[in-house]
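Inspection log for the structure reproduced underneath, given as structure tokens.
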Amino acid sequence: MMRKKWISLLLFCVITVCCNAQTVGYKFYSQLDTVKKSGFYNIELPPALTAHLKTDYSDLRIVNDSGKWVPHVLHFPTSEVVNDAINFDLKYTQPENNKVNTSLIIVNSKNVISNIGLVINNTLAERFCTLSGSNDSKNWFVINDSILIDPKPAATGTANTFFIAFPPSNYRFFKIVIKNNNKDPFEIRRIVQSSTAVLPVSYQTKSFQNPPVAIVQKDSGKISYIKISQQQPYHFDNISLNLSGVKYFSREADLYIPVGNNHSFSNPGQLLHSFIISNNSTLQFKVPFSNATIFYLIINNEDNLPLKVEEVNTTVNPHYITSYLEKDNNYKLILGNELATFPIYDLSNIYTKISDSISLLSAGNATAFKENSITVKPVKNNKWILWSAIFAVLFILLLFTIKMVKEVDKRKQDDSL
């Protein structure tokens, strides 16, 4: 009987240690709303949470009351594309194609479309464009007045297709005007429409804007140095600028990310991205994904007066996780573990895209675990406490030893009888 009790106690300790092992090392948690019905849920990840995550989201987990991981799938809606899309060629004319603008008039033979694909010869250049619709090719109505075209070179072949997604429209004609800013135009081979090119959520989602940044600017010679500091390591993949000082301008700008703690205007770090800032652009730029707390913007003014950077905003496209959650159970997100790696769940091979019909479950603010926020204060002259604890432990061990010896002697006497 005594042996069974010891085995049960040992199993309980092992299970407790295993549960704790799945949450150890995580610095923050976020409580999820109550699950009122069992099923799949989408959980949005706002800046208040992503500021505590690595940029690959490998240190994000959903846990239940027992501290055990609950499988989830990570989603990047704006980049999710259906693999088996069917493309249809669209008729078009090109009334203008020069270093100022490239204009495309597209004929829509279908009733409703929500995307137009530009088949472009491989290039690393980027351009902004506008999209309008018309029923008579004379009176035009805006659909989107700021679209970044950033084609990714095809892994095989010499051309790739860049899709412009927009709300479903039934205009008979569409007009795309690409702003070339006195640079060579794209070579556009064809224009297509895809039956399922981009997930519907791509044009419905809006970017998260991060909290305001601090700006320090230094103008020296022909260069303007701008240091931008975020309040926390918020994720961002877009930046927007508010400039003043000169009415007409077109200048090269470089974005740098510091490497290590030793950085300055003269040593800004590693080049992340280069782009052109001009008065006839939206001054909104897509940049490689980053969570740098500090970054530098270097503007080449040449022989012109420097620009004044009034405001810098960083934004990030929304990210979600999808998980199957049970009714009336309590769940929370745990995050912030530098040693964490990607979990391997069966769910990633079963459920691969977000559906509009899935309910959205909100997450609370990030809260630090208590064990990570406790500060141990040094106490002077506390050796007597340590020695007292050691003697107490030795005394208890001595009592157990004496008791065990007595029980062994008693058993020997009983056996001899």
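For this structure, a couple of remarks:
- Amide H to amide H, with H built 1.01 Å from N, D59 comes under 5 Å of K54, counting only residues 5 or more places away or on other chains.
- In nm, spacing of pseudo-spin labels at K286 and Q31 (7 Å Cα→C-beta vector): 3.9 nm
- Placing dummy labels 7 Å off each Cα toward the beta-carbon, the span from S266 to E407 is 7.6 nm.
- Cα gyration tensor shape for the range 87-198, rounded if a/c is under 1.5, else prolate or oblate: oblate
- Shown in residue order for the range 43-54 are the 3J(HN,Hα) couplings computed by the Karplus curve 6.51 cos²θ - 1.76 cosθ + 1.60 at θ = phi - 60°: 10, 7, 10, x, x, 4, 9, 5, 4, 9, 10, 5 Hz (x for Gly and Pro).
- Pairs of Cα atoms nearer than 8 Å and 6+ residues apart set the relative contact order; for the range 87-198 it is 43 percent.
- Global form of the range 208-316, assessed from the alpha-carbon gyration tensor, a/c cut-off 1.5: oblate
- Residues K138 and D89, FRET efficiency given R0 of 41 Å [Cβ-Cβ distance, rounded to 0.05]: 0.95
- Ordering 118-125, 87-94 by mean Cβ neighbour count within 10 Å, with the highest value first, yields 118-125, 87-94.
- Summarising the amide proton neighbourhood of H235: residues at separation of 5 or more, or on other chains, whose placed amide H is nearer than 5 Å comprise A51.
- Computed from the C-beta positions of D150 and N97 and an R0 of 22 Å, the FRET efficiency is 0.65 to the nearest 0.05.
- Full extension of the chain between E252 and F76 gives 60.3 nm of extra length, using 0.36 nm per residue less the Cα-Cα distance.
- Residues of the range 246-271 with amide N under 14 Å of the 7 Å Cα→Cβ point at L305: 246-249
- Protection proxy ranking, highest mean first, for peptides 254-267, 37-50: 37-50, 254-267, where packing is the per-residue count of other beta-carbon atoms within 10 Å, averaged.
No value in this document is a laboratory result; all are computed from the given coordinates. Note that this is a predicted model, so its numbers are computed, not measured. Positions of Cβ are generated from backbone atoms using ideal geometry, with glycine treated the same way; all protein chains shown enter the neighbour counts.
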